[in-house]
Amino acid sequence: MGNKTEENKTSQIDNLKNAIQEHGLKIEDLVLELEGDQVVVRGVVENQSEKEKIILALGNVAGIATVVEDIEVTIPEPEAVFYEVKSGDSLSKIAKKHYGNAMKYNIIFEANKPMLKNVDLIYPGQVLRIPPLEQEA
């Protein structure tokens, strides 16, 4: 008889790999290890943005509470802040809080594509990337 726990684990790892692929995210030498509701992800990505999107994609998979990452970035760039959406939040409200300007909501929207498909479709508990603002010369 097959081990149900191993089958479930393999199925969940397949779901996690699909979450990365569905969003068109690119990671080389991908390794996923599952321990309960925690996933460990290893691999190599081109930039910080891709790394953060992979962490978010995995973290938003049902049944995953924690993402532990050991992802190497080939082109370093400033890290984004992760923000958990609260009830009553909108992208413009989040932009006002983080950037001091509600009209910068599109920066957050663009930073979270392809996970976000519509500026109005965010939900409490969802985690978003809030990238640092580009320094204007």
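The values are calculated or read from the model by the stated rules, or taken from the named source; none is laboratory data. Here the structure is a predicted model, which means the values were calculated and not measured. Neighbour counts run over all protein chains shown; Cβ positions are idealised from the backbone, glycine included.
Restricting the stretch 21-38 to residues that are within 13 Å of the chain's Cα centre (by Cα) and under 21 Å from residue 84 (Cβ atoms), the residue that is surrounded by the most Cβ atoms within 10 Å (Cβ to Cβ) is 25. Name the pairs whose Cβ atoms lie under 9 Å apart, with the first residue in the stretch 51-80 and surrounded by 12 or more Cβ atoms within 10 Å (Cβ to Cβ), the second assigned to a loop (DSSP other than H, G, I, E, B) and acidic (Asp, Glu), and 6 or more positions between them or separate chains? Listed by first residue and then by second, the contacts come to 51/79; 52/79; 63/37; 64/37; 66/37.
Per-residue answers, yes or no, for (1) in a helix (DSSP H, G or I); (2) under 27 Å from residue 122 (Cα atoms); (3) touching a helix residue (DSSP H, G or I) at 6+ places or on another chain (Cβ under 9 Å):
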| residue | (1), (2), (3) |
| --- | --- |
| 12 | yes, yes, no |
| 17 | yes, yes, no |
| 29 | no, no, no |
| 42 | no, no, no |
| 54 | yes, yes, yes |
| 96 | yes, yes, yes |
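For the stretch 94-123, the set of residues classified as without any contact (Cβ under 8 Å) to a residue 12 or more places away in the chain and farther than 23 Å from residue 55 by Cβ consists of 96, 100, 101, 102, 103, listed by residue number.
Listed residues 87, 92; which is at pLDDT 95 or above, small (Gly, Ala, Ser) and in a loop (DSSP other than H, G, I, E, B)?
87
When 119, 61 are checked against the criterion of being modelled with pLDDT under 95 and closer than 19 Å to residue 13 by Cβ, 61 stands alone in meeting it. Taking the numbered list (1) surrounded by fewer than 18 Cβ atoms within 10 Å (Cβ to Cβ); (2) at pLDDT 95 or above in turn, residue 134 passes all entries but (2).
Within 30 Å of residue 8 (Cβ to Cβ) and either surrounded by 15 or more Cβ atoms within 10 Å (Cβ to Cβ) or not assigned by TED's automatic domain parsing to the domain that holds residue 11 (or both): does that describe residue 43? Taking the combined requirement at face value, the residue satisfies it. Can you name the residue in the stretch 81-91 that is surrounded by fewer than 13 Cβ atoms within 10 Å (Cβ to Cβ) and not aliphatic (A, V, I, L, M) and is also nearest to the chain's Cα centre (by Cα) among such residues? Ranking the candidates gives 84 first.
In the list 102, 95, 111, which residue meets the criterion of being among the hydrophobic types (A, V, I, L, M, F, W, C), surrounded by 14 or more Cβ atoms within 10 Å (Cβ to Cβ) and touching a Phe, Trp or Tyr at 6+ places or on another chain (Cβ under 7 Å)?
95
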